[in-house]
Structures are given as structure tokens and as C-alpha cells.
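Below you'll find the structure, written out as C-alpha cells, and then a few comments.
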């Protein structure tokens, strides 16, 4: 029999934020039009790029630290963070254009 695992506080917070953003978008589209949606998508793309850059930089620091101390765990974590940051930057470059196309 499987035991029920309580959702974490972070997942509850993420669900609440998604719900709030959805409600804001639904209520503001009739008032401000599609310019609001387009601007919001562009701002979110910029925020995602900044987070990706920070994660990539943190990954480089961990990677260099792992090579300096000959620590394979730190090297592994660093390369994962670096690749994750690069992935977020790629998403921030291509997702806004695709999302703007959905609403036009």
C-alpha cells in the first residue's frame, strides 16, 4: 500500500503563483488588450534568461572548484548546473516568440 506524500511548501507556492498569474491575465486582457500579454511574455523571457545566466555562472564556479580540489562530485554538479543554465537561456530565447504567436 502506497503512502500519501504531502505536497511540499514550494509546490503549494508554485501552484498558487500559477493560479494568481492566470487570474491576472484573464482579468486584464479585456482592459489592456494583447499588448499586456506580449509585454508580460517578454519580461518573463528576460527573467528566465537572468536565472539561467546565474545558474550557468554558479555551475562554472562549481566546475572550477571541482577541478581545483580534484572533487568528482563538485565537477558533476557544476556541469549539471552549467547545462541547466544554458538550457534556461535557450528556452528564454525561443519560448517568447512561440508564446506570442499563440495569442496573436
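Which order do peptides 42-48, 52-58, 8-14 fall in by mean Cβ count within 10 Å, highest first? Before the final figure, lay out the partial values.
Details: 42-48: 14.3, 52-58: 16.6, 8-14: 9.7.
Top of the packing list down: 52-58, 42-48, 8-14.
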Which angle from 0 to 90°, rounded to the nearest 10, does the C-alpha axis of helix 34-68 make with the longest principal axis of the chain? 0 degrees
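Show that you can apply the helix-only estimate: for the chain, add -39,500 (n - 2.57) for every DSSP H stretch of four or more residues, divide by all residues, and state [θ] at 222 nm to the nearest 500. Don't jump to the answer; show the numbers that get you there.
Values: 3 runs with 91 residues, N = 104.
One gets -31500 deg cm²/dmol as the mean residue ellipticity at 222 nm.
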For helix 9-32, what angle does its Cα long axis make with the longest principal axis of the chain, in degrees from 0 to 90 and rounded to 10? 30 degrees
Calculate how steeply helix 72-103 sits against the longest principal axis of the alpha-carbon atoms of the chain, using the helix alpha-carbon long axis, and give the answer as 0 to 90 degrees to the nearest 10. 20 degrees
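Just so you know, all these numbers are worked out from the coordinates, no wet-lab data involved. Being a predicted model, the structure only gives us computed values, none of them experimental. For neighbour counting, all protein chains shown are included, and Cβ atoms are generated from backbone atoms with ideal geometry for every residue, glycine included.
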